[in-house]
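The values are calculated or read from the model by the stated rules, or taken from the named source; none is laboratory data. The shown structure was predicted, so the numbers you read here are calculated from the model rather than taken from an experiment. No Cβ is skipped: glycine too gets one built from the backbone with ideal geometry, and neighbour counts run over all protein chains shown.
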Amino acid sequence: MAGVKVFSRPPRQLRRKQKWPPFPTVRLDHTVRVGMLGFGVVGSGTHVVLTENRNTLMARAGSCIALTMVATRTPARARAALGPDVLLLDDPMQVVRHPDIDVVVEAMGGTGAARDCVLAAIAHGKHVVTANKALLALHGEEIFAAARAQGVAVAFEGAVAVSIPIVKALREGLVANQIEWLAGIVNGTCNYVLTQMRDHGWGYAEALREAQALGFAEADPTLDVDGGDSAHKLALLAAMAFGGAPRFHDVHVQGIRTLQACDFAHAAQWGYAIKLLAVARLDGDGLQLRVHPALVPADTLLARVDGSMNGILVKGNAAGVTFYYGAGAGSRETASAVVADLVDIARALHSGNCPVSVPALGFHHDANAPSAMAPMAALRLRHYLRVPLAQTDAAEQVHKSLTAHGVVVAQQVQTTDTLVLLTEVIDEWRVLAAVEALAQLAGLRGEPVRLRVEALD
């Protein structure tokens, strides 16, 4: 590739007004050789973007980024897409250990074999790019420590809200800030389901079936609808925002299965939308990490994130509130993030700089002490309660029980078989005790449903 020149010329109407210097010649005498593990949605999309945007990527990176080796369990399909110049292997460890590979792209998914391959790649001095949020949420501390010891980069822009450069925003763009809180819609499956329930008055099961039929939800949607996927992503976001290792097991997680169409109607009546939120907040009580459905004010940006899209709000003490919006899934969308990481590494290698000049989680490891966790019981928010009534006069029992537990009702709607309430701000432990007491009342026909109201301030 030596001697390839890239020039940029101004529009014709501007050439007469001033002299424009030619775009500097880019000598592409260096190739970054990429080995890929897996050739599914992420891997194939990465190949497409590398191929389609080849000239632009070379001009930006100063190097040729070449996919030279792929490990896959579907060699026939991969060969048809890749052509004859890419070496296909069936053992990912052969790629990881190969001396001619500079960067390993982990596109396998999962946390078992992927962990072993990533650690082996690091041990062999390879830089790693991955979009595997579960892998890093569960094993990130081990992986980042190994990479630091070897002096190699582990890049993961695609692990959270794939088309949104939120990793770069937290690690670099907002580096001057003390982050106060972040809140995001980071699971497109759940957001699509909730949007359909709101727009069409569908029940949860019906909305999920449509999401599955359209490819927005997996055949087994458990990881998405029960909040696990969002918790993986929140663990990474919080580590970059507040320091410490990813703390997946400290995330309070609640899914969306208990929601009904009536919840969206009542929320709208009071000026709210319902979203599955991932929230991290650091205050005097410590660090909160929680994933749960919540009522958010209808006039906020997050309330307007619909369908399968993602959106993240970040509050810094200098920048104030910033908002990040884009697709949270998809082959090309994920590839956009993966290739961006490859370009960062290629730029550093081309210039002779260290590809790990930016710490993996944004904090120098010697100063990256974790914050104490805040107990969920200390949380103070408003709450939405839906109480199913077996008899109309049971509403009086509900009010007496809530009053006895110090719960003040701000608004309510009652039908023949349901009482819906919006409380004033109250301690989490108080409302939990109140809901447990309500569940014991004889006049109810089921357990109450409780949702938090997120102020986003």
### Task
From (1) exposed (fewer than 14 other Cβ atoms within 10 Å of the Cβ); (2) closer than 30 Å to ALA238 by Cα; (3) modelled with pLDDT under 95; (4) not charged (D, E, K, R), pick out the condition that doesn't hold for GLN440.
(2)
### Message
So if I check each of THR56, THR68, which one is out of contact with any helix residue (DSSP H, G or I) (no Cβ under 9 Å at 6 or more places or on another chain) and touching a residue at least 12 places away in the same chain (Cβ under 8 Å)?
### Response
THR68
## Note on the structure
When segment 410-436 is checked residue by residue, the ones that are free of Cβ contacts under 8 Å to residues at least 40 places away in the same chain, loosely packed, with under 15 Cβ neighbours inside 10 Å and among the polar types (S, T, N, Q) are GLN414, THR415, THR416
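Listed here are the residues, each with its yes/no results for (1) under 23 Å from ARG290 (Cβ atoms); (2) in contact with a helix residue (DSSP H, G or I) (Cβ under 9 Å, 6 or more places away or on another chain); (3) assigned by TED's automatic domain parsing to the domain that holds ALA137.
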site	(1), (2), (3)
ALA360	no, yes, yes
PHE363	yes, yes, yes
ARG380	yes, yes, no
TYR384	yes, yes, no
THR392	no, no, no
SER401	no, yes, no
HIS405	yes, yes, no
### Message
Here's a check for you: in segment 66-115, which residue that is assigned to a helix (DSSP H, G or I), at pLDDT 95 or above and among the charged types (D, E, K, R) is surrounded by the most Cβ atoms within 10 Å (Cβ to Cβ)?
### Response
ARG115
### Task
Please enumerate the residues belonging to segment 307-333 that are touching an Asp or Glu at 6+ places or on another chain (Cβ under 8 Å) and either at pLDDT below 95 or crowded, with 17+ Cβ neighbours inside 10 Å (or both).
LYS315, GLY316, GLY326, ALA327
#### Entry: Answer from ASP283, ASP250, ASP263, ASP306 - the residue that is touching a helix residue (DSSP H, G or I) at 6+ places or on another chain (Cβ under 9 Å) and more than 22 Å from GLY188 (Cα to Cα)
ASP250
### Task
Return the total of residues in segment 234-281 being assigned to a helix (DSSP H, G or I), of a type in the set (A, V, I, L, M, F, W, C) and closer than 30 Å to GLN178 by Cα.
10
